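Okay, so here's the structure we're looking at.
The values are calculated or read from the model by the stated rules, or taken from the named source; none is laboratory data. The model shown is predicted, which means the values in this text are computed figures rather than measured ones. Don't worry about glycine lacking a Cβ; one is built from the backbone with ideal geometry, like all the others, and counts go over all protein chains shown.
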Amino acid sequence: MEGIMFCGISQPRSDATPICASGTGQSSSNCPDRVQVENLHNFGVKSCHIMGYIAFQKGGYRHAGFTRKDLYNHIDRYRRAKVKNGDANAAINYLIGKSNNDPLFFGKYTFTSDERLEHIFLADGQSIIDYHCFGDIVAFDSTYKKNKYNKPLVIYSGCNNHGQTVIFGSGLLSDETTETYKWLWKPLLKRWVEKVQKQ
């Protein structure tokens, strides 16, 4: 199964001590610290600043009732709980959101037979504009495997007229087979042919 989005059209640690642990005398579901931490996080306050704020309210870090590591673990669990149906669904929702807000955005993805995200490619509007302006020479790098899935992250890049690196697109692949690379190169080659025909 494959999905394509273009111009807004889409087709189809458990050992941590939780904040408000049982020793605090508060039920974990209506703990004011937990609610406050989550609200501050939702408003974009950095975790280190949240810890400082809670410590200030309580009269010091040792009176906060939890450690900095507990806070980071809680925020990590909170973020993960907000992502429904896992990372793949979040990635697809991100692509849909970007395609609705960026008329030049291009993204495509494929699923395996058991409906798991297999490959994903995206290029935002600025990347596409950069490609049309500076895409005479394209560097292709798939050496990055430092993501949590240990999968190849492929980056198409080039150089603008100021000698700065510009990104033309990127993809996260499930493997490095010839068929996968053909799938990944198709959108860029199509744009390259369009660019040559316009000249």
Checked the range 69-102 for anything in contact with a helix residue (DSSP H, G or I) (Cβ under 7 Å, 6 or more places away or on another chain) and under 26 Å from A123 (Cβ atoms); matches are V83, D102
Quick one: count up the residues across the range 65-82 that are of a type in the set (S, T, Y) and more than 17 Å from the chain's Cα centre (by Cα). 2
Options F66, F106; residue that is more than 17 Å from D124 (Cβ to Cβ) and hydrophobic (A, V, I, L, M, F, W, C): F66
If you check N89 against the conditions, is it in a helix (DSSP H, G or I) and in the same structural domain as Y149 (by TED's automatic domain parsing)? yes
